[in-house]
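Accompanying notes for the structure given below.
The values are calculated or read from the model by the stated rules, or taken from the named source; none is laboratory data. Here the structure is a predicted model, which is why all the values come from computation and not from measurement. Cβ placement follows ideal geometry from the backbone for every residue including glycine, while neighbour counts extend to all protein chains displayed.
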Amino acid sequence: MKKLKGRFWLALTIFSLMGQVAWVVENMYFNVFIYKIFNASAADISTMVTASAVTATLTTIFMGALSDKIGKRKLFICSGYILWGISIFSFVLLREDLISKTFAFAGTAAATGVSLTIILDCVMTFFGSTANDAAFNAWLTDSVDGEKRGAAEGINAMMPLVSILVVFGGFMFFDLNKAGSWSLIYTIIGVLVTAVGILGFFIIDEPEIQPAEGSYWGGIIYGFRPKTIASNKKLYVALLAFILFNISIQIFMPYLIIYYEVTLGMKDYVLIMAPAIIVASVITALWGKVYDKRGYCFSGVLAIVSLLLGYGLLFLTKATIPVFIGSLFMMSGYLCGMAVFGAYIRDHIPVGMAGRFQGVRICAQVLIPGIVGPMIGKKILENADTIIGNDGTQSFVPNANIFLGAAVVALFVLPLFFKKRAKIKPDAREGGMVK
């Protein structure tokens, strides 16, 4: 690890942060974008989240196995980030005036805009998942040994909150009801992601891995084979808990910003949430070390308890201070949980197979939760109140029941922490998993 201090930590910080900034814009603000610009419904948002989840999963499975087969991570990371940034920049074309002229035959500009956003979101997700979900995560797994796994994962896991702070802080200067603001946002994010991809050619060190033996197609299905599951039971029990954890998150997360702004009327929610995000980020950065010292069960259970406390406060109250406290507990539990699951799953991935196992991980983190979570959220909001905008269009108003639904699912995660943990011997990272 002494050799990694410097270039490794710099690359980890920059690529994790910029990747999460791009994902925050997609996961939290694409929903706001089609809600405000194209009057999207809850069903439209659910469709977009699901389509993106399927795309991310298939991309990670195929491209992760390909990076194993070739034995390279750096090329996939850097070129992927460059193309990712270009695809984000292309969202500047999604304006009603341009859509009306170009797709006049396709019906209303709003309906066409929703469809085009979903399609372009899938294109962007392909490049983002290649670069981040498949290659970057495999690179991180290959580059860190077990003793520093929690510390590295703590930094990686805190970046979603740091990125939320960066995005919230940046977006507060824009009027998100105007198409021009979105064009500028997509330009800035697209250019930054592309620049980071170029920088990666100079700061990322290629881990020493051998090209995977066997067929490419065998690598794609490897993590889904019954024999693989039977040989790595502890890993797959953790993945089951990870699935439930992320379903809980996906029930409310697509509607969180809309809930703050529309339901609670918190026009200055950025200023209110910023302190909570900063505190939660610090907690998450330190929580990786708690995992290293106290283990999976202790650190994981406390993260879920924090998440449940946050859900409870957000469900029971709409006052500013309790919402702030509830958001702090919720975000701390969410990101600390991500750190715990991330470190434990990486610890239990067999050596030299990090790429092909990213497909299994993404199924647990994105695909299944991205389908089931929004479906539950959409069901909860079926009878939600509606409001009429200044332009006469009707929009739904998310309610606090999304936090109750998320809490019910999160409760089922707790028993899975008390399965007997596999012990990793010191030479596990040299010759494969030793249990």
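One table, with the values for the structure above:
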read-out	value
Residue within region 264-286 that is assigned to a helix (DSSP H, G or I), under 15 Å from LEU314 (Cα atoms) and at pLDDT 85 or above present	no
Qualifying residue in region 303-316 (condition: of a type in the set (Phe, Trp, Tyr), touching a residue at least 12 places away in the same chain (Cβ under 8 Å) and within 18 Å of PRO160 (Cα to Cα))	no
Hey, GLY180 small (Gly, Ala, Ser) and farther than 23 Å from VAL92 by Cβ or not	no
Region 222-239: number of residues that are farther than 19 Å from ASN137 by Cβ and part of a helix (DSSP H, G or I)	8
Checklist (1) buried (at least 18 other Cβ atoms within 10 Å of the Cβ); (2) outside any helix (DSSP H, G or I) applied to GLU206, failing item	(1)
Pairs with Cβ under 7 Å, 6+ apart, first in region 317-329 and surrounded by 13 or more Cβ atoms within 10 Å (Cβ to Cβ) and in a loop (DSSP other than H, G, I, E, B), second of a type outside the set (Gly, Ala, Ser) and at pLDDT 90 or above	THR317/VAL323
Considering residues of region 39-54 that are modelled with pLDDT under 85 and of a type outside the set (Val, Ile, Thr) only, the residue nearest to ASN137 (Cα to Cα)	ALA53
Region 89-105, subset part of a helix (DSSP H, G or I) and in contact with a Leu (Cβ under 9 Å, 6 or more places away or on another chain), residue farthest from VAL49 (Cα to Cα)	THR102
Failed item, numbered, when ILE247 is tested on (1) of a type in the set (Val, Ile, Thr); (2) touching a Lys or Arg at 6+ places or on another chain (Cβ under 7 Å); (3) closer than 30 Å to VAL323 by Cβ	(2)
Cβ-Cβ under 8 Å pairs, at least 6 apart or on other chains, region 266-287 side surrounded by fewer than 15 Cβ atoms within 10 Å (Cβ to Cβ), far side among the acidic types (Asp, Glu) and in a helix (DSSP H, G or I)	LYS267/GLU261
Boolean, THR112 is among the hydroxyl-bearing types (Ser, Thr, Tyr), surrounded by 20 or more Cβ atoms within 10 Å (Cβ to Cβ), at pLDDT 80 or above and under 25 Å from GLY333 (Cα atoms)	no
Checklist (1) under 25 Å from CYS336 (Cα atoms); (2) of a type in the set (Gly, Ala, Ser); (3) assigned to a loop (DSSP other than H, G, I, E, B) applied to ALA212, failing item	(1)
Pick from region 106-123, criterion hydroxyl-bearing (Ser, Thr, Tyr) and in a helix (DSSP H, G or I), ranking: nearest to PHE341 (Cα to Cα)	THR117
Elements of type helices (runs of 4 or more DSSP H) in region 337-430, at least 2 residues being over 26 Å from LYS74 (Cα atoms) and at pLDDT 85 or above	368-380, 401-411
Selected residue (only one of PHE89, PHE126, PHE136, PHE76 is surrounded by 24 or more Cβ atoms within 10 Å (Cβ to Cβ), at pLDDT 90 or above and either farther than 20 Å from MET338 by Cα or under 22 Å from the mean Cα position of the chain (by Cα) (or both))	PHE136
Test: residue in region 97-105 that is of a type in the set (Gly, Ala, Ser) and surrounded by 20 or more Cβ atoms within 10 Å (Cβ to Cβ)	no
Candidates ALA51, ALA40, filtered to the one that is among the hydrophobic types (A, V, I, L, M, F, W, C) and buried (at least 22 other Cβ atoms within 10 Å of the Cβ)	ALA40
Among the candidates LEU94, LEU83, LEU10, residue that is more than 25 Å from ALA364 (Cα to Cα) and modelled with pLDDT under 90	LEU94
Among residues of region 191-210, those that are modelled with pLDDT of 80 or more and either of a type in the set (Asp, Glu) or closer than 29 Å to SER327 by Cα (or both), counted	4
